[in-house]
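The structure appears right after this line, and notes come after that.
The values are calculated or read from the model by the stated rules, or taken from the named source; none is laboratory data. Because the structure is a prediction, the values reported are computed rather than measured. Here the Cβ is made from the backbone with ideal geometry for all residues, glycine too, and neighbour counts use every protein chain on show.
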């Protein structure tokens, strides 16, 4: 267990740096992109940084491609507070003990007293190759009292050097999710005709792949990243220059509802579709994917998926005898 023993190796700059790291949550986020792109018409693809989303199936129409993706980032956690995974002068954050580890490099000579006072050094330790390294370790204890000290370790501590690329692992987990666009439900249904001034109902037929939640994991170098995604909204482009944003999956239409409007996701057309034609309807689902790593980091990736369908809108004709 790390103690209050500090020695002279931790300088004032390191103490101030740790205070800044713990006291300023806004500066605690490490750099890292989180955009996701899939080629058009491909709902499940190899995910890279930058770009748009893939498409899913639609009722009465084909899959749509594209869609903007939001960013993601990697953060290390000290309790519930995000801290930088690396701090100049302090080293790398170790999630197993909530301390910063900084390699003493070049290593002290075999007769240096630091080897003798180092915390965790085995009693039978002898100098030589592959006999471990010394680290300056900086921790915070109760009442923000600094603790730590010169510490011996045979292997690199967890988190040192950043470990595996967690953002890339998270993106691979998103790929495994197989996120899809909405399985579109619409009334009037495909092949039928709606009327100007009468409500159109819109909904998604929710499944784990079209609405969530859905989880997937990937592992590397002893670390597992688990990603869980769910849809936060669907934006419906109605083809007449208007969009409808729905924060839920919508309500499926039933004939007993008559000409009433949808309680949560619908639209009313004010003009007919082209003679013999239809309005194209595109549903863009926004997926928020939260991921966590067993090494203590977490992040978020936002991406979109699209589906398409069509709707025919006509005008009620009144005939005079």
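Quick notes
- Residues satisfying the stated conditions in region 224-242, i.e. surrounded by fewer than 19 Cβ atoms within 10 Å (Cβ to Cβ) and either out of contact with any strand residue (DSSP E or B) (no Cβ under 9 Å at 6 or more places or on another chain) or in a strand (DSSP E or B) (or both): 224, 226, 228, 230, 232, 233, 235, 237, 241
- Region 106-134: number of residues that are surrounded by fewer than 12 Cβ atoms within 10 Å (Cβ to Cβ) and not in a loop (DSSP other than H, G, I, E, B): 2
- A count restricted to region 278-305 and to residues that are more than 29 Å from residue 165 (Cα to Cα) and crowded, with 20+ Cβ neighbours inside 10 Å stands at 5.
- Within the set 289, 281, the sole residue that is at pLDDT 95 or above and in contact with a helix residue (DSSP H, G or I) (Cβ under 7 Å, 6 or more places away or on another chain) turns out to be 289.
- Filtered by the rule that a residue be more than 19 Å from residue 308 (Cα to Cα) and assigned to a loop (DSSP other than H, G, I, E, B), region 254-271 gives 254, 258, 259, 260, 261, 262, 263, 264, 270, 271.
- If the condition is being more than 15 Å from residue 199 (Cα to Cα) and either exposed (fewer than 12 other Cβ atoms within 10 Å of the Cβ) or touching a helix residue (DSSP H, G or I) at 6+ places or on another chain (Cβ under 8 Å) (or both), then region 248-277 contributes 274, 275, 276, 277.
- Just one of the listed residues (83, 137, 74, 150) is buried (at least 20 other Cβ atoms within 10 Å of the Cβ), modelled with pLDDT of 80 or more and within 30 Å of residue 287 (Cβ to Cβ), namely 83.
- Being closer than 30 Å to residue 277 by Cα, within 25 Å of the chain's Cα centre (by Cα), at pLDDT 95 or above and not in a strand (DSSP E or B) holds for only one residue in 210, 245, 251, and it is 210.
- Cβ-Cβ under 8 Å pairs, at least 6 apart or on other chains, region 218-229 side more than 19 Å from residue 178 (Cα to Cα), far side part of a strand (DSSP E or B): 223/293
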